[in-house]
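Notes for the one structure printed next.
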Amino acid sequence: MDRIVQLQRRRERLVLMAAAQRDAVARDFGPLERPFALADSAVSAVQYLRAHPGFVVAGIAVIVVLRPRRAIAWVSRGIAVWRGYRWATVQVRRLVG
């Protein structure tokens, strides 16, 4: 019976420690919540555009029809953004993996 009481007390201490650790993590990472939410939104947007490439093609077609010079500038910016995205994903994978 004494062993059961010891285990219950140990469990209570561990539960309290886990709660304290969760609070500490929430407090420490609180300032990063907004940037993470923004990054999550950007990833969701990219995933949506990957799933619906017709929207991308239609957008590019509209730009080309309306302003060819602007289209070239936007395409070059898009390529730069794409390269930056690819570089960032490689860097994140290196850090995580």
Extreme residue, modelled with the lowest pLDDT, among residues of region 71-80 that are of a type outside the set (Phe, Trp, Tyr) and surrounded by 11 or more Cβ atoms within 10 Å (Cβ to Cβ): Ala71
Among (1) modelled with pLDDT of 90 or more; (2) open to solvent by 70 Å² or more (accessible area, probe 1.4 Å); (3) under 17 Å from Asp40 (Cα atoms); (4) not β-branched (Val, Ile, Thr), which single condition is Arg93 missing? (1)
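The values are calculated or read from the model by the stated rules, or taken from the named source; none is laboratory data. Quick caveat: nothing in here was measured; it's all calculated off a predicted structure. No Cβ is skipped: glycine too gets one built from the backbone with ideal geometry, and neighbour counts run over all protein chains shown. Side chains are part of the model used for accessible areas, which takes the heavy atoms of the whole protein and leaves out ligands, DNA and RNA. Shrake-Rupley method; radii C 1.70, N 1.55, O 1.52, S 1.80 Å.
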